[in-house]
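Each remark here refers to the structure printed beneath this line.
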Amino acid sequence: MSTIRVYTKRVKGTVDRDGARTSARQVGRKEATSITRKIMNQATIDCPVDTGNLRSHHRMAVRELKTMVKGEVVNDAKYAAAVHDGSPPHTIRARRKQALRFTVGGETIIVRSVRHPGAKGRPWLRDAAEKVATSNGWRFKRTTTS
């Protein structure tokens, strides 16, 4: 039977902080870009489609800050927030022309204003982020912003 004994007095080490930050940024940028792209692709798949305009307006950006790398996916269509978050009941009034014109059941109707009943939100961006996060083993925490 043999026994190995190791005696250590002191170990001194130094860390190249700038090198460590650079390496962490490179890894962080690569990881953030990959995850952000996955979220954008999932959001494009999950996006409600009528004409395809909403689906075509997804954008992603990855930014490096001093201590972190941030990725974001946005949809810059004018009505994206109303579809994503929903809208309360409201009145739609004619602007440029003097009246609104639409067809219901083959009959043309002309009015100055209509009451929109509101719409339930369809949060495809949040759902895409949650799907990608959980499939990568991350916890997803919903927060509210005001």
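Here are the numbers:
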{"read-out": "Identity of the residue in the stretch 116-140, of a type in the set (Lys, Arg) and surrounded by 13 or more Cβ atoms within 10 Å (Cβ to Cβ), that ends up farthest from Asp76 (Cα to Cα)", "value": "Lys131"}
{"read-out": "Of all residues making up the stretch 60-114, the number that are aromatic (Phe, Trp, Tyr) and free of Cβ contacts under 8 Å to residues at least 24 places away in the same chain", "value": "1"}
{"read-out": "Pair list, Cβ under 8 Å, 6 or more apart: the stretch 125-145 residue more than 16 Å from Arg37 (Cα to Cα), other residue of a type in the set (Lys, Arg) and surrounded by 10 or more Cβ atoms within 10 Å (Cβ to Cβ)", "value": "Arg142/Arg126"}
{"read-out": "Some residue of the stretch 31-46 being surrounded by 12 or more Cβ atoms within 10 Å (Cβ to Cβ), of a type in the set (Gly, Ala, Ser), in a helix (DSSP H, G or I) and without any contact (Cβ under 8 Å) to a residue 12 or more places away in the chain", "value": "yes"}
{"read-out": "Failed item, numbered, when Ala20 is tested on (1) exposed (fewer than 11 other Cβ atoms within 10 Å of the Cβ); (2) outside any loop (DSSP other than H, G, I, E, B); (3) at pLDDT 80 or above", "value": "(3)"}
{"read-out": "Residue check, Arg63 within 30 Å of Arg17 (Cβ to Cβ) and either in contact with a strand residue (DSSP E or B) (Cβ under 6 Å, 6 or more places away or on another chain) or not assigned by TED's automatic domain parsing to the domain that holds Arg21 (or both)", "value": "yes"}
{"read-out": "Residues of the stretch 33-53 classified as touching a helix residue (DSSP H, G or I) at 6+ places or on another chain (Cβ under 6 Å) and aliphatic (A, V, I, L, M), total", "value": "3"}
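The values are calculated or read from the model by the stated rules, or taken from the named source; none is laboratory data. Being a predicted model, the structure only gives us computed values, none of them experimental. Glycine also receives a Cβ, built like all others from the backbone with ideal geometry; neighbour counts cover every protein chain displayed.
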